Each structure stands twice: as C-alpha cells, then as structure tokens.
Amino acid sequence: MPGVKYSGRLSDAELAAVLPPAERLAQGPVAVIECVQSIPCNPCEKACPFGAITVGDDITALPALDRAKCKGCGLCISRCPGLAIFVVDASGDEATIMLPYEYLPLPAAGDVVDALDRSGKPAGTARVLKVNTAAGLEGTAVVTLAVPRKLADIVRNFRPRGRDAIYICRCNEVSEAEIRQAVREGARTVAAVKLATRAGMGLCQGRTCRRLVSRIIAEETGQHPAEVLPATARPPVRTLPLGTLAGGEDDE
Amino acid sequence: MNKQTFDIAVIGGGVIGTAVAYYAAKAGRSVVLLEKDHIAAGTSGACDGFIIMQSKNPGPHLELAMESAALYRDLVAELDYDIEYQPKGGMIIIENDTQAALMQSHVAKQAASGLKVDILPIDEARRRELALAPDLWGATYCAADAQVNPVRLAQGFSRAARRHGADLRPGTAVTGLIADRGRVCGVTTAAGDIYCQYVVAAAGIWTPGLVRPLGLDLPIKPRRGQILVTEPLPPTIRHVLLCACYLVAKYRPQDLDPIERHNRLGVGLAVEQTADGGLLIGSTREFAGFDRATTLAGLEAVAAHARRLLPALASVNIIRSFAGLRPYTPDGLPVIGPAADIPGLIIAAGHEGDGIALSPVTGRRIADLLK
Amino acid sequence: MTNNYDIVIAGAGPAGLAAAVEAARRGARTLVVDENTKPGGQLFKQIHKFFGSHEHKAGVRGFAIGEKLLAEAAELGVEVWLNSVVWGLFANKVAVVRGGEQITLAAKKIILATGASENAVAFPGAALPGVMGAGAIQTMINVHRVLPGKRVVMLGSGNVGLIVAYQLLQAGAEVVALVEAASAIGGYGVHAAKIRRAGVPILVGTTIARAFGRGQVEGVVLAKLDESFQPVPGGETTLAIDTVGIAVGLTPLTELAWMAGCQFVFSPRLGGHVPLHDADMETTLSGVYVAGDITGVEEASTAMEEGRLAGIAAAAALGYGAAAAEADKAAVRSRMDVLRSGPFGLGRRTAKAEILAQRKEAASCRE
C-alpha cells in the first residue's frame, strides 16, 4: 500500500494535494506543507507573519496554505514539530530548497552534499547555500540547498559528505568546496582566499596548500597560473618562540 | 550593462565602507560599494578585533563607542553571519604608580560618562588573567569591552548589504570624483562613470588621496602597526588586553622617553585570543609611509614588551607577523560627516585603531545623515 | 664572536655547500645556516648512484658526494650552523634562531639555497595518516631506517616516484603499484625498468580517486583516466595498502626571496614562481644570490653547479678570486649545459635560458 501511513513516504496522491502548481513554483519561493494526517497541532498558523497558513479552531484540521499570501520566508519551517514544511523556489536556473535539519555536524555554506529524496535515496548533488542557526529556531537549523530545477519536488533531505571532504589546507581544515565558494564570491587572489577561508594561515603558513589553492583560483577564474601570485611572505618563515624573538631577558 | 546610477556610492570595502553600505541599504537607499581590491584587503584585514570602550577618551569619542557597542549586540543577530563576536571584557595593564595615576583619573572621568571600569590590584588582576606578570601594579577591568573578527565583520556587513540590495563591486578602483558646479555627483572607474546623490569616502588611509583633487586636505596619514600571530593555543588569554602605555602613547606621547626602542616605535601591548585559538600580539605605532612590511626591530620590540607583561607567553611559538596601516589623525578622532564646502561628499575615515569598535556607529550615523 | 660574515648562505644542501666551498676556497669568510640536524640537504638520503659524467661525479652515490662536500667545506674553514633557522631577511640582515637565541647576522652577500618542498595532492582521504610525501618516505627509510609501512602505492612516475619506489623495495616493503595520471612514465626508463622487473605494476593513465581507512589509510581506490584526465566509468580498482607515497613534483621554497623583495618569474617547467636571476645567479636585488632548487626544481648535480657559480660570483664581487672568476664561471656553465641536455634536460635548459633573457630585459628597463 502506498502512502505515508505504510511506508513513511507520501504517495503520489498525497503529494498532489500539497505540492504547489508549476506556475506558482516559477513565481518564487513558496512553502510546501507535507502534512496530510489529522494531528492535533497548529504552530504553523502562528508562525506565518503574513497570515498565509490557516488551521482554525479545530487544531486537528490540516493546515491550509494561501499560496498567494505566502512569501516563502521560511519562518514556519522550524516551527513545525513534524519537520514537514519546506520552502521551494523554482524561479531561477536552479531550484533552492529550504529544509529543516537536526543532525550534527551541521554543513557549512559552500559544502557539496548528496541530495536525498523522500525515501532517503540519493537524488543528485546539492550545494549548501545557507545554514541558518539563529537562536529563535530552537535548535532546528534551516538549510538552503541549491539543486537542479528538475529536483525541486524530489529533494527533501541531504547527507553531508564530511568524511569524503577534500582538505586543501590541513592546518585549518579548509575544504576544496570552501575555497571554490570563496573564489566564486569574489576572492580572486591567494591573499583574498586566505582572508576569506583561513587557508594558509596555519602552522605551515601555506607551504602545503598554496599550490593547490593557486590551482583552484586559476581554474575557477580562468587566470593563467602565472598571474596567481602567492600571498605576501612575512617573517618568520619558520616558527620561533616569542621569548627567543624578544631577545635577552629585560632587553626592552 | 551594469546599473550606473545610485543614491549612494561608497568608496572602500573595509569595515567602515561595508558598515555604511549595510546601514544605508537597510534604510532603503540604493547603494554601490566600490573596492579597489577585495573586501577587507587593507587595514581591516590587518588589525586586531578590539571593541574596547575603556581606551576611549570620555566625551564624544566614548559616546560614539558606547553607541557602537550597543549596535554590536544587535548586529550579531541582524547580520546572520558569524562575526566571532565575544563579549569577554577587557583589561588595561598598569605597570607602575605613574600609569596608575593616569588610569585613575581616566577611570573617574569614564564613570562620569556612564562607563563602569574597575581598578584591580595585581593579585585580583592575576586571578582573572593568569598570564599577567606578578610584579605589575595591576589592571583596570571593563565588562563592556568585547572582541570581533574584523575580516568576518566586513564580510558580514557586505553580505547583509547585498541582501538589502546593495551592489558590491570588488576589484573596482575609483580613479576620480565627478563634480558638477561644485557638487560631487559621481565617481570615475575603469568600468565607467557612476552617478549618485552622495559619495561616501570610506577608504581609510587612501581617503586623502581621493579627495585632494577637490582641494580638500584631510590630515589622515598611515600609521603602521606590526602584529605577531602565535600558533593556536588552548584558552590562554581571557580578555582583550591593552597596556597603559598604549594610552600614554596615544594621548600623552610627550610623557614617553624618546630614547627607548619601544617608545620610539610606539609599542603598546594589545593582545587578544582569536576564535581559532591563536593570539594576536601587537603592536607598534610608527609612521612609515605606505610600507606594510614588518621589521626586525618592530617584531623584537613587540615580543619583548609582551614577554615583560605576560611572561607566560615566552614559550609560545610565533607563526606569522603582519602589519596594518591605520588611518591616524592628529586629534585621535575620526573624520565623519559631510565635507565642508563640498556638497555631495561625505567622509568616513581616520579611525586609526578604533575602526573596528566604531564601524557600526559610523555606518549608522552616515546612513541616518543621508536619509 | 663577531657576527659579520662576507657571505651567509641559507641552506646546507648540495647548492649551499658547493657555494660555500667555492667562496671559502677564494678566501671569503663564509657561514652556512641550516635548520636540519645534519648538513647535506637531500644528498644523504640519495643512496642511488648519480648520472652525469666523471666531472659530475657520475656513478657516485649521493650520500658519498655529500660526505666529500662536507669534508671539503670543513677543510676550508666554512662555518656550518646546524639546527639553526633563517626566519627572516631584513635588507642585508639575516635573522637566525640558533640554540634558542635570536641572532642577527650582517652579511655582505647572501646566497639563498633553501631548496624545494614536496607538492601535496587533493583527493578524499589525502589527509589520512599513512599518506605522505615520497621525500618523507625516503628520509624515513634511508636516514632513519624506519619503514613507513608494508604495502605501498606510489603516485607519480617522475624520477622521485620511481627511485623511492625502488628504495622501498630495497628496504623490504612491498610496492603494490606505481600509478601515473599521464599516459607515459615521466622519469628515466632505467629507473622504471628496475622496479618493473621487481614485479611492481606501473599503471599509466591512472590516478588515486580516494583513500580510505579508520584513523589510518587502509586502502585506495584507483581510477582509470581517459585522454582528458576524466575517470573512465567502471574503471575503478580497490587496493588494500597501508601507505601512499605522493611524488607529484616539488615547488621552490622561495619565501625568503619574496620577503627580500626579489623580482619573480613564472616557469611551469621549473615548478612555479622562481626568483629572476642573471648568469651569476644574482637576483634583482644586488648582493642576494640564489642556487639550487629555489631557482627551479632540478637535480642535485645541477644544484651543486649553480651553487659553485653563486659562490664564485659572490666571492669575486667582494674581491676574492676576482681575476680568475670569469674563467672559473665559464667552466661551471659549460658543465651545467651538459647536464641540461638530451630529451630530459633540454626543457629545463630552455626554461633557464628564458629566465636569463628576462633578467636582461628587466635590467635594461631599469637603466
């Protein structure tokens, strides 16, 4: 038997009742409330500052969403105890999905993660755009993923690739994804990437990672490797104790 | 084709420029931010993160700082970006009776301005900050002092400004200001002219060069601060730490013996432990033009001074040094507001060592001014 | 003790020592500073015989060349500070930490012979313990006599990868495979043949897709690559190993030259940005010379010749051995040209010639 009652996954019929029409999806972000059982519960109603969600006096009623009023702000996402609310935006070249996430470690903006469907099966690759952990979310992080448009109605979870991350700067544990993200956000020199990500600021002062960082910058920006200069060299080129640098005692 | 007409063009992508862009964009103005290099490439990327109240002179300086401190508490939530804000409190280390006398009068004036600062004898000071040398006089303590990561602050301001619609253009150098019948109405860049109602010059040490062609002579000049960076350490320094000679160097340079090396280089201790565990240990205060190199004498002097006040740091490894060029002004106060006789031009520069502490209030005041 | 030297040399590898020997032989007061506990740089882990001609000490093993250089240096009164770190250059002052003490040396001439560092690679699991540079492996087995592991896969088929794979076999490890992303072996065929006939598969057109293991590398997944270096579907193989050697080239260690303010030039053939220098190995900063891998990654034999050039030139600039200097330098240069010949050496010779040409251009621009 299909349906959330038997498999935990909403059936196509159940989905049809909650998914927004394609025209609405194309207009910009909108909430998708995947709540199809009469549970006594109504925090979503209060969560919406625009009055787009109505449950009514009988709190076992299913939430009704007025999609014309919904701005896709996502304030309802963390308020749903069932983690059943998502905000989907399919108005751009790629779709974004805001979803609730309660696992540690949290991903970071820029991470590339495996997008999962409602059955937990890999559905493709997603990029984490934003991780909102504000105090008002009561511990439920709201993560925004970018996914290919055709996955807008499919992706409802993700799995970090933490164990598979490619570390470029080992001293400060900066991943390849973080460096690429920084370059895409405008850091076009080794010095700028260093400031933005701390890659190369650790104990080895970039001796291990600078070549890899330069290569990523060249790849991302189309610059010739010759143009990607190393960050400014400053002493000390090897660590030395502060007391040694200070010289003889009371030498001030 | 990029849009080339805005309400406000901000020049400079440091903490001041990005703060102005953020508050102005948030207030609904259309803003373009022009940065010749990248965000925090200049002084904001080469300084410590002190938000320290008790170093400010009672009067307008302290009032601005206190207003800024209040804004910081809101920014942590508003920016939706971890700026590594740590309200850890600050201490000013007092070495001897002479400094104690200066600090006592300073603290009394601050109390009158509404800032609570305690004077702690050395035993009590060492209970709170274990690394202090036992033979010092003591320290002041102020709970309102805090710390932030300046690079992340500038990034946080610029990201939030972008969310409010600001157009950020790193890699865009302003080559000149456009004036029409005496009124500044735009800027020239390699990527074309940009027109606006107001130009905010927030380019720190580069500001005088920008406005000089209009006949405005700003008394801002680069003052170099050399800083040592240590390996990451477990929690070692609990507060933001200054020494009283920093204040003497800043407000009463005539009291210093010019022969001593650390006085000649203007060395005053400034130590903080950053979120990743490394210590930033500063700093010299020297006039060296636009040279951002660190010098052997400067690094040795900073290390020697730090070891004297914090002997426990002698065995800590230094992994890097850097120098920032702070925008010094002769009276120690920043230049904030409309340029006299040049309508359309607003200056927000010359914060020297207070840029981090004063960036929110500077941005906010400028945005209010341009409403 | 006075800390005023005619010539201070950073690095006691083949280039630094050779420079010191030539400078001291001509009468210059010379000091060599090295951060390691032993002098000789990489020479003492080179247990294989060198190539070249008789003049280049061909057929002599690297460590024996090192011993001879050291003996010469000692005989000529070269001072060598070991366990001493050059941590900064400030104009003509060399800042050194030695025995827990900061010492500032005033030098009339400075020769930077700091060598190169191994390149890192980025694949998932590359930061696991057990994944290490081939040079590090060589130090472990040949200097410290410790095997890093029992089953090794080596990435990179340049001479370093081939030689270290061979030395691992000599040391008793099993080399499960040597993999190379390019379609052909990069190093000398004779080195490759040595390991091939010991049963080591050499897999060209292959790379390490990822390494895995709990707290320590336990295996790698190899991926077959097509001509555009993209993984071929279904071309994955898993190997159980405990050590991965990384031999994907070296990068000149140039921080001191950047700090001093030398002009640089980019040379992919030589490993990246290298200081611009003239035929006497002098950089764009008067009195600052470079020699060895800092000027572009080559071999110990060329490093020694460059060191000799720099040593002769720096000494002559101070008036030591000036009369014979031009003839002495010419002899070194012609030996160097021989080393930079043939299909393996010509690329480097061309790259070096380009550096000299650019240096001339930079000089004429200034005049």
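Accessible area per residue for the protein assembly as shown, computed on protein heavy atoms with a 1.4 Å probe, is 41 Å².
Lysine pair count for chain A (Cα-Cα distance under 20 Å; residues 8 or more apart in sequence or on different chains): 5.
For region B:289-313, a decrease in accessible area of 10 Å² or greater in the assembled protein chains relative to the isolated chain, with a 1.4 Å probe, applies to B:ARG292, B:ALA293, B:THR294, B:LEU296, B:LEU299, B:GLU300, B:ALA303, B:ALA304, B:ARG307, B:ARG308, B:LEU313. Of interest is the spacing of the C-alpha centroids, which for region A:34-95 and region B:295-354 amounts to 51 Å.
Summarising the label geometry, the points placed 7 Å from Cα in the beta-carbon direction at C:ALA74 and A:LYS69 lie 9.1 nm from one another. Quick check: from the Cα gyration tensor, does region A:4-159 come out rounded (a/c under 1.5), prolate or oblate? In terms of gyration-tensor shape, rounded. Antiparallel beta bridges, as assigned by DSSP with both residues in chain B, represent about 70 percent of the total such bridges. Checking every one of the GluC sites (Glu not before Pro) in region A:131-198 against DSSP loop status and a limit of 13 other Cβ atoms within 10 Å picks out A:GLU138. Shape analysis of region C:183-314 based on the Cα gyration tensor places the equivalent ellipsoid semi-axes at 39, 18, 15 Å, largest first.
In the elastic network of chain C, a GNM with C-alpha springs shorter than 10 Å, the most mobile of C:VAL244, C:VAL265, C:VAL153 is C:VAL265.
Can you bin the protein assembly as shown into rounded, prolate or oblate? Criterion: square roots of the alpha carbon gyration tensor eigenvalues sorted a ≥ b ≥ c, rounded for a/c under 1.5, prolate for a/b above b/c, oblate for the rest. Verdict is oblate for the protein assembly as shown. Among the trypsin sites (Lys or Arg not before Pro) in region B:86-161, none is located in a DSSP loop while being surrounded by at most 12 other Cβ atoms within 10 Å of its own Cβ. Convex hull volume of the C-alpha atoms in region B:65-146, normalised per residue: 92 Å³.
Here the spin labels are modelled as points 7 Å beyond Cα on the Cα-Cβ line, and at A:GLU102 and B:ALA27 they lie 4.3 nm apart. The residues packed around B:ALA25, meaning those with a beta-carbon under 13 Å from its beta-carbon, carry a net charge of +4 if Lys and Arg are +1 and Asp and Glu are -1.
Just how many pairs of Lys in region C:49-113 have C-alpha atoms closer than 19 Å, counting pairs that are eight or more places apart or on different chains?
Eligible lysine pairs with Cα atoms under 19 Å apart amount to 5.
Note: relative contact order over chain C, using C-alpha pairs below 8 Å and six or more positions apart, is 19 percent. Using protein heavy atoms only (no ligands, DNA or RNA), what is the total accessible area buried between C and A, 1.4 Å probe, nearest 100 Å²? Roughly 2300 Å².
Reachable aspartates and glutamates from C:LYS38, Cα under 14 Å, same-chain residues fewer than 8 places away excluded? Here the aspartates and glutamates satisfying the reach criterion relative to C:LYS38 are C:GLU67, C:GLU79.
Taking every C-alpha pair closer than 8 Å and separated by at least 6 residues, the mean separation divided by the residue count of region A:4-159 gives a relative contact order of 20 percent. Shown for chain B: the carbon plus sulfur share of the solvent-accessible area, taken with all protein chains present and a 1.4 angstrom probe, equals 53%. Cross-link reach is defined here as a Cα-Cα straight distance under 14 Å, omitting same-chain residues fewer than 8 places apart; for C:LYS329 the aspartates and glutamates meeting it are C:GLU22, C:ASP278, C:ASP280, C:GLU282, C:GLU305, C:GLU306, C:ASP337. Give, ordered by residue number, each residue of region B:18-56 whose 1.4 Å probe accessible area is reduced by a minimum of 40 Å² on adding the remaining protein chains to the chain alone. Relative to the lone chain, where solvent access is computed with a 1.4 Å probe, region B:18-56 loses at least 40 Å² at B:HIS38.
Assuming a ≥ b ≥ c are the square roots of the Cα gyration tensor eigenvalues, decide whether chain C counts as rounded (a/c under 1.5), prolate (otherwise, with a/b larger than b/c) or oblate. Note, shape of chain C comes out prolate.
What the Cβ-Cβ distance of C:VAL221 and C:LYS150 gives, at R0 = 22 Å and to the nearest 0.05, is a FRET efficiency of 0.65. Sparsely packed loop sites in region C:199-262 (the trypsin sites (Lys or Arg not before Pro) outside DSSP H, G, I, E and B with at most 16 other Cβ atoms within 10 Å) comprise C:ARG214.
The values are calculated or read from the model by the stated rules, or taken from the named source; none is laboratory data. Values in this document were obtained by computation on a predicted structure and should not be read as measured data. Cβ: placed from backbone, ideal geometry, glycine included. Neighbour counts: every protein chain shown. Please note that ligands, DNA and RNA were not included when accessible areas were found on the heavy atoms of the full protein model with its side chains. Shrake-Rupley method; radii C 1.70, N 1.55, O 1.52, S 1.80 Å.
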